[in-house]
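First comes the structure, then the notes that go with it.
Only the coordinates and a few stated rules stand behind these numbers; no lab work does. The shown structure was predicted, so the numbers you read here are calculated from the model rather than taken from an experiment. Here the Cβ positions follow ideal geometry from the backbone for every residue, glycine too, while neighbour counts run over all protein chains shown.
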Amino acid sequence: MVEQIVAAYKVGYDAVELHTPHGYLLHSLLSPRCNKRHDEYGGSLENRGRIVTNIIERVRAKIGTDKALGCRLSVDELAPDGLTHEEACKFVKLFKDAGANFFNVSQGSYETPGKTFAPDGEGDFTVWGPGFKKAGGVPVIVPNWLTAEAAAEAISSGQCDIVSLGRQSIADPVWPAKVEAGREEDIVKCSRCQQCYMNLVQYNWITCAVNPTAVFEDLYPELWMNDGMRKRARRFIEKCKGL
């Protein structure tokens, strides 16, 4: 895994994020609910976090100090005997000391899919941001279950430093450009239907219930943003690259 991460920087990626939530391998080692090992990778918080700490330290040793290397964590496993927010914040401190310099908020696992992939409200993920910020003292990202207004408030109030756009960017790839142009009312909002995700796990091209042109934009230019927003989006990206 370390060599694959290092290779990403070599081909031009600006940042790499370790995916440690949702019940995948790394999460299963962090979780007291799943990790029943009796060796150096089980038991105490430091032992359960050892594999992630080792990966971060080894990557950081190879890429130097000036690269963005982060970690996404479930802030709470939301399951009996699972990872708690208190422990997750301790992992943030542990991984920050190992060399991680940003953290991305998530919650739950595949055992609690409703809270993980389709949370109830706009602030389900945002409320966890301050805990991570206090624990790590480095930038914290929250995902895209936010309107433009709520995203701006989350950042200005100090709940997080960055709002990320994942599935929302499939539903509307020019979300940032529309916000910049003052056209929030034209944003096509992700419906949280999970159609894109199910395509992914079935090894199909991603499709979107609210954006029929998703991944086929170049094949159907007449159906996709012929009002100048595509050019604006490209200018926005270029401007961000210069920050």
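Could you check the simple spin-label distance between THR207 and ASP186, using points 7 Å along Cα→Cβ, in nm with one decimal?
2.7
Whose amide H sits under 5 Å from the amide H of ALA214, counting only residues 5 or more places off or on another chain, with H placed in the peptide plane?
Amide H to amide H, under 5 Å and 5 or more residues apart or across chains, ALA214 pairs with CYS208.
Of the cross-linked pairs LYS62/LYS96; LYS10/LYS96; LYS93/LYS133, which ones have a Cα-Cα span greater than 19 Å in the structure shown? Don't jump to the answer; show the numbers that get you there.
Details: LYS62/LYS96 17 Å; LYS10/LYS96 23 Å; LYS93/LYS133 10 Å.
Exceeds cut-off: LYS10/LYS96.
How are the Cα pair distances of the chain distributed, in percent, across 5 Å bins from 0?
1, 6, 12, 15, 18, 17, 15, 9, 4, 2, 1, 0, 0
May I ask you to evaluate 6.51 cos²θ - 1.76 cosθ + 1.60, the Karplus curve with θ = phi - 60°, for each residue of the range 213-220 and list the ³J(HN,Hα) values in order in whole Hz, giving x for glycine and proline?
Taking θ as phi minus 60°, the curve returns 8, 3, 6, 10, 4, 6, 7, 10 Hz for the range 213-220.
In whole angstrom, how far apart do the alpha carbon centroids of the range 6-56 and the range 129-186 sit?
25
Could you state the per residue volume, in Å³, of the convex hull enclosing the Cα atoms of the range 36-98?
Details: hull volume 5.1 nm³, N = 63.
Per residue, the Cα convex hull of the range 36-98 comes to 80 Å³.
DSSP loop (so not H, G, I, E, B), at most 15 other Cβ within 10 Å: list which chymotrypsin sites (Phe, Trp or Tyr not before Pro) in the range 32-105 pass both filters.
Passing both the DSSP loop test and the Cβ count: TYR41.
Taking Cα pairs under 8 Å and at least six residues apart, what relative contact order does the range 1-164 come out at, in percent? Walk me through the numbers before you get to the answer.
On the way: 281 pairs, mean separation 32.2, N = 164.
Result for the range 1-164 is 20 percent.
Let me check against my output: what whole-number percent is the relative contact order of the range 159-225, with C-alpha pairs under 8 Å and at least 6 apart?
Details: 55 pairs, mean separation 16.9, N = 67.
The value is 25 percent.
Pop a pseudo-label 7 angstrom from the Cα along the beta-carbon direction at both TYR13 and CYS193 and give the gap in nm to one decimal.
3.0
Using the Kirkwood formula on the Cα atoms of the range 1-145, what hydrodynamic radius do you get, in angstrom to one decimal? Walk me through the intermediate numbers first.
Values: mean 1/r = 0.0653 Å⁻¹.
The Cα-based Kirkwood calculation yields 15.3 Å.
For a quick check: sort THR53, THR20 by the number of other beta carbons within 10 angstrom, fewest at the front.
Numbers: THR53 19, THR20 26.
Fewest-to-most ranking of THR53, THR20: THR53, THR20.
What does a probe at LEU200 reach in the range 24-53, counting residues whose amide N is under 18 Å from the point 7 Å along Cα→Cβ?
Residues 24-28 fall inside that zone.
What is the order of ILE141, ILE155, ILE162, fewest Cβ neighbours within 10 Å to most? Walk me through the numbers before you get to the answer.
Details: ILE141 20, ILE155 17, ILE162 14.
The most exposed by this proxy come first: ILE162, ILE155, ILE141.
Given H placed 1.01 Å from N in the peptide plane, which residues other than close sequence neighbours of GLU17 have an amide H under 5 Å from its amide H?
Those lying under 5 Å, H to H, from GLU17 are GLY70.
In nm, give the distance between the simple-model label positions of TYR110 and GLU122, each being 7 Å from the Cα along the Cα-to-Cβ direction.
3.3
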